[in-house]
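Read through the structure below, which is laid out as structure tokens, and then see the notes.
What follows draws every value from the coordinates through simple rules; no lab data is involved. Just so it is clear, the model here is predicted, and its values are computed rather than measured. Cβ coordinates were reconstructed from backbone atoms using ideal geometry, including for glycine residues, and neighbour counts include every protein chain displayed.
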Amino acid sequence: MKKDDTVYLHHVLECIRRIAEDVAEGRERFMESHTLQDAVLRNLQVMAESTQRLSEAAKATQPEVE
């Protein structure tokens with residue numbers, strides 16, 4: 001795994017942490033707040049971008065994940 005992969009994996013983990021924090025109050029609260037929805041969407045976008053930048057070697061370590 002390349003050094004850059006570590007940076008991208010940290011981004012993924014941070015996005016997951018933030019999403020979990022944003023939805024911690026439950027579905028109803030999440031659905032009532034456009035701000036929370038936008039925050040989660042942004043973190044999903046950042047996470048997707050980070051996973052696309054992972055090296056093929058890093059991706060190969062988890063073949064069950066698309």
Report task. Using the Cα centre as the reference, give the magnitude of the dipole from point charges on the C-beta atoms of the chain (Lys, Arg: +1; Asp, Glu: -1; all else neutral), rounded to the nearest 20 debye. Result -> 200 debye
Report task. Step through the residues of region 24-29 one at a time and calculate ³J(HN,Hα) from phi using the Karplus curve (6.51 cos²θ - 1.76 cosθ + 1.60, θ = phi - 60°), rounding each to whole Hz and writing x for Gly and Pro. Result -> 4, 7, x, 4, 4, 4
Report task. Compute the projected area of the convex hull of the Cα atoms of the chain, averaged over all viewing directions, and report it in nm² to one decimal place. Result -> 4.7 nm²
Requested in this report: Give, in nm to one decimal, the length gained when the segment between residue 35 and residue 23 is fully stretched (0.36 nm per residue of separation minus the Cα-Cα distance).
Outcome: 3.2 nm
Requested in this report: Any chance you could give the angle, 0 to 90 degrees and rounded to 10, that helix 3-22 forms with the longest Cα principal axis of the chain?
Outcome: 20 degrees
